[in-house]
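Chemist: Following this message is one structure expressed as C-alpha cells.
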Amino acid sequence: MSALGTTTPAEATMTDGDARRALKADLARFNCRVHQPDDPPLFTREPTSDMQNVHWRWTDLEPLLERVGAAIAIGSGGQRRTLRLANPGLAFGTTHTFWGSIQYILPGEVAAAHRHTANAFRFILHGTGCSTTVDGECYEMNEGDLVLTPSMAWHDHVHRGSEPMIWLDVLDISLSRSLQATFFDPYDQGDMQPLDSVPERSYRAFGSGVMGSPRAPYRRGSNPLLAYPRQQAETALELACGLPADPCDDVILEYRNPVEGGPAMKTLGMKLQKIRAGFRGQPRRHTGSKLLCVLRGHGSTLVDGQRYDWAPGDFIAIKPWAWHAHLNASGEDALLFQVDDSPALQALGYYREELLSPHDGQAADEGMQ
C-alpha cells in the first residue's frame, strides 16, 4: 500500500510484495536490497526527466546582467562573473548534462587563468575588444564567434575594449559532476598565461576547414581547432540554403572537427540554424537536452503543447524526449545558435530520435497557430 492507503501500480503487479518487505531490514545489514513495492521503477517505457522546459527572455535578462555587472567583481582564483541559466527542475545546471551561463566582462578586466575537467565553449553575443588565451593560443572574440576550451586547457580572458562584453558560456559540468570526474586548478603564475610563439597556431593549421597542415601536431581523438569565426560560419550557412530544407530545422549546420569530421567537442554539439520566413517544422523528439539561443529574428517553438514566442537574445531549454517544433510566421529569417548533448549520447549508443509524420503532427501543427 502507498502512503495514501491506495494500491500503487507496482504493488498491483507485484505478487511477492510482503516477502520483499520482510527481507528489507535483514538485507540492509549487509548493504544489499531487493526492489520494493514502493520503489520508483528502475526502467521506464520512455525517458523521464526532472528537467523543465524553460524560456528566458532577453527583456528580463538584460537588466539582470547590468545589475550583476555593477554588483559582482571578478575575483581571484579564476572566478568569473556569470548569470547562470538555472533550471527549476534540477538542483544543478541548465540541463542534466550541461550548464549555460551568460558571462559579463567589463573593459579593463582580466578573467584569471584556470583549468578544469569540464569541456567549455564561448559563443559571443555582444561587444568587441576581448581576447581569450587557451593553452597559449590567443584569439580575439567578436560577436558571432565560437571559441572552444577543451578539457583541462588553461584559459583566461582579457578585455581591452571600451564597452561591456557578453557571451554564452557552456560547460558539460553537470555531466562531469555526475561521473565524479571533476578537477579544477587555478593558475599559480599570475592572472594570465604566456602566449605561444604562434598565438593562433591551430587556426592557421586547420582553420580553413577544407585544408590542413599535414605535419601540424594534434592529439588523435580530439579537435585541434579552437576558434570558429562568425563570417566563416555564416558564409557556410548561406551556402547550405541551397540544399533541401531539413524537415525539422530548415537550414542547420554543425560545427565540426576539421581533421576527423566529428562534432567539435566529444560531449557537446554546437549548431548554427537559419529558420526562414514561413517555415513550419516537423515535430520531433529525441534523447538528450538542448539549449536554443536566438541571435536574430522572431519565431515560435512548440514544446510538449506549450508555445514559446521568441525574440533576439532569448534562450529556450528543451528537456529530453519532449516533442518540439519550430515556426517562423514573421516576414524575416531568424538565426539561432544551439547546443545539445547529442555527441555524448551518440558515443554511448543512447541517442534516439522520433519524427511525427505530417498527418500525426496535425495536432501539434494546430497548436502553433
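Chemist: Could you give the Stokes-Einstein D for the range 231-356 in µm² per second, using the C-alpha Kirkwood radius, 10 °C, 1.306 mPa s?
Modeler: 107
Chemist: Enumerate the amide H contacts of residue 269 below 5 Å, restricted to partners 5 or more residues apart or on another chain; note that Pro and chain-start residues carry no placed amide H.
Modeler: Hits under the 5 Å cutoff: 340, 341, 342.
Chemist: Add -39500 (n - 2.57) for each DSSP H run of 4 or more in the chain, then divide by its residues: what number comes out at 222 nm, to the nearest 500 deg cm²/dmol?
Modeler: -5000 deg cm²/dmol
Chemist: ³J(HN,Hα) across the range 237-250 via Karplus (A = 6.51, B = -1.76, C = 1.60, θ = phi - 60°), whole Hz, x for Gly/Pro?
Modeler: My calculation for the range 237-250 gives 5, 5, 4, 5, 4, x, 8, x, 5, 5, x, 9, 10, 6 Hz in order.
Chemist: Over the chain, calculate the relative contact order: mean separation of alpha carbon pairs under 8 Å at least 6 apart, over the residue count, as a percent.
Modeler: 15
Chemist: Give the Cα extents of the range 163-281 along the principal axes, in whole Å, largest first.
Modeler: Between the extreme Cα coordinates on each principal axis of the range 163-281 lie 54, 38, 38 Å.
Chemist: With the full set of protein chains in place, find how many percent of the accessible area of the range 210-324 is carbon and sulfur; take the probe as 1.4 Å.
Modeler: Looking at the range 210-324 in its full context, I get 55 percent from C and S.
Chemist: Let me ask something else about it. From zero up to wherever the largest Cα-Cα distance of the range 10-102 sits, split into 5 Å bins and tell me the percent of pairs in each.
Modeler: Histogram of Cα-Cα distances, whole percents per bin: 2, 10, 13, 12, 12, 9, 8, 7, 7, 8, 7, 4, 0.
Chemist: Follow-up. Give me a comma-separated list of calculated 3J(HN,Hα) values for the range 85-97, in order, Karplus coefficients 6.51, -1.76, 1.60 applied at θ = phi - 60°, integers in Hz, x for any Gly or Pro.
Modeler: 8, 8, 8, x, x, 10, 6, 8, x, 7, 10, 6, 10
Chemist: At 10 °C and 1.306 mPa s, grab the translational diffusion coefficient of the range 50-160 from Stokes-Einstein with a Kirkwood Rh over Cα pairs, rounded to a whole number in µm² per second.
Modeler: Roughly 105 µm²/s, to the nearest whole number.
Chemist: Collect residues whose amide H, placed 1.01 Å from N in the peptide plane, falls under 5 Å from the amide H of residue 322; neighbours closer than 5 in sequence don't count.
Modeler: Excluding prolines and chain starts, which carry no amide H, the hits are 286.
Chemist: Would you list which lysines come within 27 Å of residue 274, measuring only between C-alpha atoms, while excluding same-chain residues fewer than 8 positions from it?
Modeler: In chain and number order, the partners are 266, 290, 319.
Chemist: Still on this structure, I have one more. When the convex hull of the C-alpha atoms of the range 163-212 is computed, what volume per residue in Å³ does it have?
Modeler: It comes to 206 Å³ per residue, whole-number rounded.
Chemist: Give me the log10 of I(q) over I(0) for the range 112-227 at q = 0.22 Å⁻¹, as the Debye formula computes it from C-alpha points; what are the numbers?
Modeler: -1.36
Chemist: Name the residues whose placed amide hydrogens come within less than 5 Å of the amide hydrogen of residue 307, ignoring near sequence neighbours (fewer than 5 apart) on the same chain.
Modeler: The list, which skips near neighbours in sequence, is empty: none.
Chemist: Compute the convex hull volume of the Cα atoms of the range 95-146, divide it by the residue count, and report the result per residue in Å³ as a whole number.
Modeler: With only Cα atoms used, the range 95-146 gives 102 Å³ per residue.
Chemist: Along each of its three principal axes, how wide is the spread of alpha-carbon positions in the chain, in whole angstrom units, largest first?
Modeler: 72, 54, 48
Chemist: What is the gain in length, in nm to one decimal, between residue 352 and residue 31 on full extension, counting 0.36 nm per residue of separation less the C-alpha to C-alpha distance?
Modeler: Separation in residues times 0.36 nm, less the Cα-Cα distance, equals 112.0 nm.
Chemist: As I understand it, the dipole of the chain uses +1 on the Cβ of Lys and Arg and -1 on the Cβ of Asp and Glu, about the Cα centre. Which of 147, 55, 218 lies farthest toward its positive end?
Modeler: It is 218.
The values are calculated or read from the model by the stated rules, or taken from the named source; none is laboratory data. Because the structure is a prediction, the values reported are computed rather than measured. As a convention, Cβ positions derive from the backbone with ideal geometry for all residues, glycine included, and neighbour counts pool all protein chains shown. Just so you know, the surface numbers come from the protein's heavy atoms only, side chains and all, with ligands and any DNA or RNA stripped out. Shrake-Rupley method; radii C 1.70, N 1.55, O 1.52, S 1.80 Å.
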